[in-house]
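Below: one structure, written as structure tokens.
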Amino acid sequence: MTQAATILRTGRKFDQVLRGARDVFMSDGFEGANVDDIARAAGVSKATLYSYFPDKRLLFVEVAQTECQLMAERILAMVDETRPVREVLTITATQLVAFLTSDFAQQVFRICLAERERFPELARAFYAAGPENGQRQICEYLEKAVEKGELVIHDIPMAAEQFSELCKTRLWTRAVFGIQTRFTQAEIDEVALAAVDTFLARYGA
């Protein structure tokens with residue numbers, strides 16, 4: 001990316017565009033999101049909006065990637081890798097379950113599913129920013145835990161995916177099918193703790 005492009009994609013108005021787009025995508029979905037509505041929600045002109053994102057797909061991708069990055073940064077800020085492995089995994093699982101069941105993650109999932117035939121790049125971009133990036137970070141931690149003798153894992157990528165899937169137990173399925181739309185912290189904690197217990201029963205040293 002050139003320096004000019006880097007400068008263009010920072011600053012107050014850029015952040016306004018992302019916040020406005022996030023709100024509109026959340027309320028109207030991808031197909032229903034109107035550029036005029038996004039510009040209005042962001043408090044910028046359509047010309048300013050197009051100067052950042054000439055295509056609505058690019059804007060959606062940026063919103064999704066930004067949200068995933070914020071989630072990853074939040075987890076990393078909370079995690080102290082010198083702490084016991086159970087504590088680190090519990091923090092990670094709790095944040096992951098909360099994100100997976102959030103309104104944002106569910107809406108993005110529905111949009112990617114609905115648009116997968118026409119715009120497969122949307123799903124690919126979200127997968128790279130969310131699941132793939134998350135798996136990479138979990139793998140990095142698991143490798144360190146194995147080196148310290150805290151875990152015994154022969155296939156770390158597989159274990160990382162299993163950990164993520166354990167965090168989808170019960171609540172994610174209910175959210176996907178619209179059976180339940182609001183989740184208490186107690187419900188999130190229950191799934192996270194069960195995920196960690198199961199994972200450590202298989203891979204604990």
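The values are calculated or read from the model by the stated rules, or taken from the named source; none is laboratory data. What you see is a predicted model, and the numbers here were worked out from it, not measured in a lab. Neighbour counts run over all protein chains shown; Cβ positions are idealised from the backbone, glycine included. Remember, those area values only see protein heavy atoms, side chains included, never the ligands or the DNA or RNA. Shrake-Rupley method; radii C 1.70, N 1.55, O 1.52, S 1.80 Å.
What percent of all Cα-Cα pairs in the range 101-202 falls in each 10 Å bin, counting up from 0?
14, 37, 34, 14, 1
Semi-axes of the equivalent ellipsoid of the chain: what are they in whole Å, largest first, if each equals the square root of 5 times a C-alpha gyration tensor eigenvalue?
The three semi-axes for the chain are 34, 19, 14 Å.
Percent relative contact order of the chain, based on C-alpha pairs within less than 8 angstrom and at least six residues apart?
Numbers: 176 pairs, mean separation 42.0, N = 205.
Contact order relative to length: 20 percent.
Could you calculate the contour length gain from THR173 to ALA47, that is, 0.36 nm times the residue separation minus the distance between their Cα atoms, to one decimal place in nm? Please report the intermediate quantities before stating the final value.
On the way: separation 126, 0.36 × 126 = 45.36 nm, distance 4.08 nm.
Result for the pair: 41.3 nm of gain on full extension.
What fraction, in whole percent, of alpha-carbon pairs in the range 70-121 exceed 13 Å separation? Intermediate results must be reported in sequence, preceding the final value.
Numbers: 858 of 1326 pairs.
Counting every Cα pair in the range 70-121, those more than 13 Å apart make up 65 percent.
For every other residue with a beta carbon closer than 12 angstrom to the beta carbon of GLU187, add +1 if it is Lys or Arg and -1 if Asp or Glu, then tell me the sum. If you can, show how the numbers build up before the last one.
Numbers: positive: ARG170, ARG174, ARG182; negative: ASP189, GLU190.
Cβ neighbours under 12 Å give a net charge of +1.
Accessible area per residue for the chain in Å², computed with a 1.4 Å probe and the full protein assembly in place, what is it?
Working: 11240 Å² over 205 residues.
Result: 55 Å² per residue.
Taking LYS168 as the anchor, which lysines have their alpha carbon closer than 25 Å to its alpha carbon, excluding any fewer than eight residues away along the same chain?
Straight-distance partners of LYS168: LYS144.
Taking 0.36 nm per residue of separation and subtracting the Cα-Cα distance, what length does fully extending SER102 through MET26 add? Mind dumping the intermediate values first?
Numbers: separation 76, 0.36 × 76 = 27.36 nm, distance 1.12 nm.
Stretched fully, the SER102-MET26 segment lengthens by 26.2 nm.
Quick check: the angle from helix 85-100's long axis to the longest principal axis of the chain, C-alpha only, nearest 10 degrees?
30
By a straight-distance test (C-alpha under 24 Å), which lysines pair with LYS56 as possible cross-link partners, with residues fewer than eight away in the same chain excluded?
LYS13, LYS46
How large is the dipole of the chain about the Cα centre if only Lys and Arg carry +1 and Asp and Glu carry -1, each at its Cβ, rounded to the nearest 20 debye?
On the way: 24 positive and 29 negative charges, 105 e Å.
Charge dipole of the chain: 500 debye, to the nearest 20.
Heavy atoms only, probe 1.4 Å: what % of the accessible area of the chain goes to carbon and sulfur, would you let me know?
Details: 6170 of 11240 Å².
Carbon with sulfur: 55 percent of the solvent-accessible area.
Which of PHE104, THR90, ILE75 sits closest to the plus end of the dipole of the range 73-125, meaning its Cα is farthest towards the positive end, when Lys and Arg get +1 and Asp and Glu get -1 on the C-beta?
Checked the options; the winner is PHE104.
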